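Just below is one structure, and these are the notes that go with it.
Since every read-out is calculated from the coordinates, none of them should be taken as a lab result. Because the structure is a prediction, the values reported are computed rather than measured. Positions of Cβ are backbone-derived with ideal geometry, glycine not excepted, and every protein chain shown enters the neighbour counts.
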Amino acid sequence: MPGGGKSTVGKEVARQLGCDFVDCDKEIEHRSGATIAALFARDGEAAFRELEATTLAAVIEEGAAVIATGGGAVLRSTNRELLRERTRCVYLRASPDFLWRRLRRDRRRPLLQVPDPQRRLQELSAEREPLYLETARIVVDVEGLTFDRVVDSILAHLASEAA
């Protein structure tokens, strides 16, 4: 979900694992030469989701890295299948209220530029939660955990899978 910590946590997990970190949204911006907000405004969400799927597949194909997808990547069944089969997908779970406290001053996220962004977060959560749970191999409840505890939890899960 937006504000779940994918990018900040992902960077630290990658650093501790000694591998690359790729933020899919940043990669989309780099490849397209436009911001996510501009892509949404210019081309619409459907075109953005197509570019997101292409970018995700390319990033996964490039090899070992910690990848932060956009929160909506799970909306496409092909993305969910790719994440399940080719990655050790982690879902950083948090309630919409928790996410709202983190995001209430954030004006960069296109899906939250609506009259009632708190309600929109609740709707996104209701729509996406089952898809995240269907896709993720590891679920970490981030509420009440420090940043270091979230990272340590992910690393412990990954280590136990490798054992």
Of the conditions (1) small (Gly, Ala, Ser); (2) surrounded by 14 or more Cβ atoms within 10 Å (Cβ to Cβ); (3) out of contact with any strand residue (DSSP E or B) (no Cβ under 7 Å at 6 or more places or on another chain), residue 46 fails just one. Which one is it?
(2)
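Among the residues of the range 44-68, write down those that are in a loop (DSSP other than H, G, I, E, B) and closer than 15 Å to residue 82 by Cα.
Step one: of the range 44-68, the residues in a loop (DSSP other than H, G, I, E, B) are 44, 62-64.
Residues satisfying the conditions are 62, 63, 64.
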When you scan the range 74-82, do you find a residue that is within 21 Å of residue 53 (Cβ to Cβ), under 15 Å from the mean Cα position of the chain (by Cα) and surrounded by fewer than 18 Cβ atoms within 10 Å (Cβ to Cβ), even just one?
yes
Checking residue 52 against (1) surrounded by fewer than 15 Cβ atoms within 10 Å (Cβ to Cβ); (2) under 15 Å from the mean Cα position of the chain (by Cα), which test does it fail?
(1)
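So which residues in the range 3-43 are assigned to a helix (DSSP H, G or I), of a type in the set (Asp, Glu) and without any contact (Cβ under 8 Å) to a residue 60 or more places away in the chain, if there are any at all? I'd like the intermediate steps shown before the answer.
Kept after step one, since they are assigned to a helix (DSSP H, G or I), are these residues of the range 3-43: 6-17, 24-32, 36-43.
This time we only want the ones that are of a type in the set (Asp, Glu), so: 12, 25, 27, 29, 43.
Once the filter is applied, which keeps residues that are assigned to a helix (DSSP H, G or I), of a type in the set (Asp, Glu) and without any contact (Cβ under 8 Å) to a residue 60 or more places away in the chain, the range 3-43 yields 25, 27, 29, 43.
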Which count do you get for residues in the range 135-163 that are surrounded by 15 or more Cβ atoms within 10 Å (Cβ to Cβ) and in contact (Cβ under 8 Å) with a residue 60 or more places away in the chain?
7
Within the range 115-125, is even one residue loosely packed, with under 14 Cβ neighbours inside 10 Å, within 23 Å of residue 37 (Cα to Cα) and among the basic types (Lys, Arg)?
yes
